[in-house]
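Below is one structure, written out as structure tokens; the observations come after it.
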Amino acid sequence: MPHDDTRPALARTTLPALALLGLMSLPAGTLLAQSDEAAIPDLSGVWDGGGRARPVNSETVPWTTENFPVLNERALAYQEVFEEIIAPKYDCQPASSPAIQYDPYHMQVTQWPDRVMFRYEKDDQLRTVWLDGRMPTAVDFSNQGFSVGRYEDGALIVTTTHFLFDITGFDDYNGIPSSAQKVVTERYWMEGEDLHITLTVEDPMFLREPASYSTRWVPAAPGYQIAAFGCDPESARASVRFFPSRFK
């Protein structure tokens, strides 16, 4: 299947020219994290994470009996009192890592000299992975966290910290929360025309040990454009009327 090259014109510029443009646009004294073109894989493009790409671990979910996380007592207690009606997705809160990477939607990757941007069709989310050596501060906590990255052996390695506490932060269907101590590590690489990822999540507040899954994306159909993702809070919350509560 031919790769659908729907990248912006600048993103399709050859790496040497792109690096030069990036250097010219950065503030004086800024150092790029890496400049070895041979180590930089071409991940840019629009990628399909739906049915054509699955399964790798499972057709529907990334966590199976083989790789399901080992939960501590705190996580088990949260699971015990969890109810579907309290899931933030019913208030249009976007999914975060490690769930959003596996959602069966399209994703667009754009590479620049100092950053890589992941735009997810699911929840219309945009993640920025900084390659220029900057580090997060105390004001950088967010739903998607703060991501830094580097290229290594033909792969992009991303480490994300500074997540907000999320009652469904591990995934939005199994009642496992995540804390501000969550760390998500992603490794992206190409195999043929497909984009692959191995994701590892650590969270000592809820997990006894790190948990990992792998998946892939395939090139999007020619001409495919990322679609807007609409969520109406009133309509989303209305659906929980059909979930009876155990608590009065």
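The values are calculated or read from the model by the stated rules, or taken from the named source; none is laboratory data. As the structure is a computational prediction, the values presented were derived from the model and not from experiment. Methodologically, a virtual Cβ is constructed for each residue, glycine included, from the backbone with ideal geometry; neighbour enumeration extends over all protein chains shown.
Mind listing just one residue for me: the one in segment 211-229 that is in a strand (DSSP E or B) and not aliphatic (A, V, I, L, M) and, of those, surrounded by the most Cβ atoms within 10 Å (Cβ to Cβ)? Break it down into steps so the answer makes sense when it comes.
Kept after step one, since they are in a strand (DSSP E or B), are these residues of segment 211-229: 211-219.
Retained after the next criterion (residues that are not aliphatic (A, V, I, L, M)): 212-217, 219.
Working: 212: 17, 213: 22, 214: 14, 215: 19, 216: 18, 217: 24, 219: 21.
Here the answer is 217.
Per-residue answers, yes or no, for (1) over 26 Å from residue 111 (Cα atoms); (2) in a loop (DSSP other than H, G, I, E, B); (3) modelled with pLDDT under 95; (4) touching a Ser or Thr at 6+ places or on another chain (Cβ under 7 Å):
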| site | (1), (2), (3), (4) |
| --- | --- |
| 144 | no, yes, no, yes |
| 156 | no, no, no, no |
| 173 | yes, yes, yes, no |
| 186 | no, no, no, no |
| 209 | yes, yes, no, no |
| 231 | yes, yes, yes, no |
| 237 | yes, no, yes, no |
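Of the residues 243, 170, only one is within 28 Å of residue 87 (Cβ to Cβ) and out of contact with any strand residue (DSSP E or B) (no Cβ under 6 Å at 6 or more places or on another chain); which? Matching residue, one of 243, 170: 243.
Within segment 188-207, being in contact (Cβ under 8 Å) with a residue 24 or more places away in the chain, out of contact with any His (no Cβ under 6 Å at 6 or more places or on another chain) and part of a strand (DSSP E or B) holds for 188, 190, 191, 194, 195, 197, 199, 201, 207.
The number of residues in segment 135-147 that are crowded, with 20+ Cβ neighbours inside 10 Å and of a type in the set (A, V, I, L, M, F, W, C) comes to 1.
Residues in segment 239-248 that are surrounded by fewer than 14 Cβ atoms within 10 Å (Cβ to Cβ), not in a loop (DSSP other than H, G, I, E, B) and not polar (S, T, N, Q): 241, 242. Scanning segment 183-221 for residues that are farther than 23 Å from residue 154 by Cα, more than 17 Å from the chain's Cα centre (by Cα) and of a type in the set (D, E, K, R) turns up 208, 209.
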